[in-house]
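As structure tokens, the structure follows; a few thoughts come after it.
The values are calculated or read from the model by the stated rules, or taken from the named source; none is laboratory data. Just so it is clear, the structure is predicted and the values come from calculations on it, not from any experiment. No Cβ is skipped: glycine too gets one built from the backbone with ideal geometry, and neighbour counts run over all protein chains shown.
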Amino acid sequence: MARRSDHTREELTRMALDAAHAITADEGLRGLRARQIARDIGYTIGTLYNLFEDFDDLILHMNGETLDALYRTCSEVELKGDPTEDLEALADRYLEFTRGHQQQWSAVFEHTLPRGRAVPDWYSEKVAKLMELEARALAPLFPGGNPDRIAHHARVLWTSLFGMALVESAERLPEGETARSLVRSLIGTYVAGLKDNRKGEL
């Protein structure tokens, strides 16, 4: 077993998170255990709790890195100013990522903090960055601005996209249907509805 002095705190944190990601990828969040992480990196559980507040904190940091990875791949989409095309391009990246990291992405939504414990600001900021990508794609539909409405519609599309990806991963879609086909229908209908609402307000 390695001695604690063999690695810096930063190195140990990286090792622990890498081990957590690997275990989650194989076994899902339900298979993640502090004892196994400690064993995989060659340290004690006590060492883990010197690095993180507790096991929930470790999971939050792991999930935060998954959010960062999703943001990086989605932020590569070059927005053209056409809400339908831009939202479809973002959705394609989202689905590509979640299909390739199914267990890690599920862990983001499966993990819940104990009652009364607030989500840290740093974690909420990562979610907000992802929402902002959706909001930027929607912005041309609101030429006068209105951040609250844009954010609301971004959340609607975000949560709908997650649900469709989840149903597909559970293999509960009818033959011939995919999350991508459902998303295309949703985005087309949703954007058309927002455009009609805008016309009614003119």
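In this entry, Thr84 is excluded by the filter for residues that are out of contact with any helix residue (DSSP H, G or I) (no Cβ under 7 Å at 6 or more places or on another chain) and either closer than 18 Å to Val191 by Cβ or surrounded by fewer than 15 Cβ atoms within 10 Å (Cβ to Cβ) (or both). Against the conditions (1) farther than 30 Å from Ala154 by Cα; (2) assigned by TED's automatic domain parsing to the domain that holds Thr178, Leu12 satisfies every one except (2). Contact map, the range 161-183: residues that are surrounded by 10 or more Cβ atoms within 10 Å (Cβ to Cβ) paired with residues that are assigned to a loop (DSSP other than H, G, I, E, B), Cβ distance under 7 Å, separation 6+ or inter-chain. Pairs shown: Val167/Leu173; Glu168/Thr178.
For the range 73-110, residues that are without any contact (Cβ under 8 Å) to a residue 12 or more places away in the chain and outside any helix (DSSP H, G or I) total 2.
Restricted to the range 9-72, the set of helices (runs of 4 or more DSSP H) holding at least 1 residues that are touching a residue at least 40 places away in the same chain (Cβ under 8 Å) comprises 9-27, 45-51. For the range 122-159, the tally of residues that are exposed (fewer than 15 other Cβ atoms within 10 Å of the Cβ), among the hydrophobic types (A, V, I, L, M, F, W, C) and over 13 Å from the mean Cα position of the chain (by Cα) stands at 2.
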